[in-house]
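The values are calculated or read from the model by the stated rules, or taken from the named source; none is laboratory data. Everything quoted here is computed from the prediction, not taken from an experiment. Note: ideal-geometry Cβ built from the backbone for every residue, glycine included; neighbour counts use all protein chains shown.
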Amino acid sequence: MSSDRVPTQFAASLIRMTRERGYDLAVVLRSAGLDFDPLDPDSEGWRPEISAMQYSRVYQQTLSLLQDETFGLHPKKVVSPGAFRMMCYCIISCGTLGRAIRRATEFYRTFFDEEAQLYANFSQRHARVGYRDMGNRGAHQVDAVDAYGLSIWHRFFGWLTGRPIELQRVDFVGEAPANIEKYEALFGCPLYFGQPANLLYFDSEYLKYPLVHTEQSLQEFLRTAPYQLLTMTRESHEDSLVTQVRAMIGHDFSQGFPSFDAISNALHMSAPTLRRRLKREGTTFQQLKDNCRCEAAKRHLSRPELSINAVALQLGFTDPSAFHRSFKKWTGQTPGEYRAQHLPVEQDSA
């Protein structure tokens, strides 16, 4: 799974759920911008991968229909509707990543059977997080679905802390796949197969990292999920204060921005200190807001069902002309020029 592509089978599993519950598949496919049936590999135009944005649209449509917010964090098990959402609200007030993971495991242990539970074990050197073996070791070859579950948790931990989590190793219960290099590129660490559990290993020092998000930024995250997690890469950001601030600014601006004071308080530093440290990293809070808003604008403009005025509202602009001026300042193009240039490319390459 690359940073902007998702296996079609992930979308197929969500679409299958909507079909089984009697919903019209055409509505879901149309909303996602898919021109083929993900459930039928023999259908015309079928592709093994779709864009992260298309998958996110399938997810959001399924969420709307089924009220299921599991994120597919255990993709081979069906977890009760709203479980991941409620787990997020349970852990967002935890001070550190270690406490958040502990609370997440307790949440799943309390409400779900053993097969759907998250496992965690911490030592002085290593943190191990994943899923226990349920007697199926070596019964299958590792596939993209196995990797997806662990990768999304890995990226979610990075989102919580606003910085990348470097993995030391990843264990899989199944046997090595034929295209092992794709999995190595996904995790960027040694992979071990035929192991007792599917586990992520990382340095225990990461457990001390503070969470940089609030309920407000969590709400924004859930409204646009899982796009942010799917497009995260190890190379996409550095372990810096800028990364943490960008993560807290988020991707959904329809309700405004978190204030500078709110962000400085969440980072446990004074406003002057935060301002000084951002300057040391070569930027300002205003520049970061503009960059995040510009990225969000480009994503929204890739959605043909949204008018440009609707995009302006999504970005918090009450005056569409102000959005036009700002976008021209950011990119050198008007929103219409950008859409005309990029929308056909997005549709053809998806």
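Evaluating LEU63 against the criteria (1) at pLDDT 75 or above; (2) under 18 Å from the mean Cα position of the chain (by Cα); (3) outside any strand (DSSP E or B); (4) within 24 Å of SER302 (Cβ to Cβ) leaves one unmet condition, (1). Here THR243 qualifies as touching a Pro at 6+ places or on another chain (Cβ under 9 Å) and of a type in the set (Val, Ile, Thr). If you go through segment 10-33 one residue at a time, do you hit one that is part of a loop (DSSP other than H, G, I, E, B), surrounded by 19 or more Cβ atoms within 10 Å (Cβ to Cβ) and in contact (Cβ under 8 Å) with a residue 60 or more places away in the chain? Yes, segment 10-33 contains at least one residue that is part of a loop (DSSP other than H, G, I, E, B), surrounded by 19 or more Cβ atoms within 10 Å (Cβ to Cβ) and in contact (Cβ under 8 Å) with a residue 60 or more places away in the chain. Reported count of residues in segment 165-181, each being outside any loop (DSSP other than H, G, I, E, B) and at pLDDT 90 or above, is 6. Residue pairs whose Cβ atoms lie under 9 Å apart, separated by 6 or more positions or on different chains, with the first residue in segment 94-118 and of a type in the set (D, E, K, R) and the second in a helix (DSSP H, G or I) and surrounded by fewer than 16 Cβ atoms within 10 Å (Cβ to Cβ), are ARG103/CYS90; GLU106/CYS90. Counting the residues of segment 232-278 that are modelled with pLDDT under 80, farther than 21 Å from ALA297 by Cα and not in a loop (DSSP other than H, G, I, E, B) gives 1.
Can you name every residue in segment 119-158 that is modelled with pLDDT under 85 and among the basic types (Lys, Arg)? Scanning segment 119-158 gives ARG132, ARG137.
Listed conditions (1) free of Cβ contacts under 8 Å to residues at least 40 places away in the same chain; (2) surrounded by 15 or more Cβ atoms within 10 Å (Cβ to Cβ); (3) farther than 18 Å from ILE91 by Cα are all met by SER151, apart from (1).
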